[in-house]
Amino acid sequence: MTRLIDWYFKILKVMVVFFIASMVILVFTNVVLRYAFNSGITVSEELARWGFVWLTYTGAIVAMRENTHLGMDSFISRLPLLGKKICYISSHLIMLWCVVLFGYGSWEQSVINMDVEGAASGLSAGIFFYGTGIFFSVPAFFILLKNLYLIFTGQLKEDDLIGIRESEEDMDEGKLEELQNEMEQESERLAAAGKNQ
């Protein structure tokens, strides 16, 4: 089951790359055609806009699983363990409720707009635009449930309760020294390359 889930998230990462690449190609090609040849691809703006929506929600699913969303740890890191657990649980319960509301609203909008076609593409707005909310809500719901399960069963360490590090002060000394060594080596390499030229 774990391998299947890992494959699912690998596919999501490929989808993120696909959406970025297709948006760049569609918009760039359209700009070149408009300015150089006084023509254009009618459907490109609409597909690029919908691609951006899909990119956002697909990336949000991946970021949620990997705990890479933006955050602020200056307050939470100073709390005792119990305070960190209370904040973690309450924030996850609030997010869970928001995901349920968002998913329900997306479902309603998808049903309402199922027969509404995009102006340029003719594709269903219910599926290809509002359906992104359902696409996001279902995995996000299960990710949040899994995180709550892990904290209630005691499988999360104290460091896991703080998902985001704001500054280098929060890094452990080994990682900080390693980063400084890499920066010094890169500076020396660039200085040597500059002398050779």
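What follows is calculated from the coordinates using simple rules that are stated; it is not laboratory data. Remember, it's a predicted structure, so these values are computed and weren't measured experimentally. Cβ sites come from the backbone with ideal geometry, for glycine too, and all protein chains shown count toward neighbours.
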What ranking of W97, W107, W50 emerges when the number of other C-beta atoms within 10 Å of each C-beta is taken as an exposure proxy, fewest first?
W97, W107, W50
Just to check, using Stokes-Einstein with a Kirkwood Rh over alpha carbon pairs, what's the diffusion coefficient of the chain at 37 °C and 0.692 mPa s in µm²/s?
159 µm²/s
Phi-based couplings in Hz for segment 104-112 (Karplus 6.51, -1.76, 1.60; Gly and Pro marked x)
5, x, 5, 4, 4, 5, 5, 5, 5
The answer for E117, listing residues at least 5 apart or on another chain whose modeled amide H is closer than 5 Å to its amide H, is A125
Largest-first ellipsoid semi-axes for segment 31-148, taking √(5λ) over the Cα gyration tensor eigenvalues, angstrom
38, 19, 9
Take every Cα pair under 8 Å in the chain that's 6+ residues apart, average their separations, divide by the length, and report that relative contact order as a whole percent.
22 percent
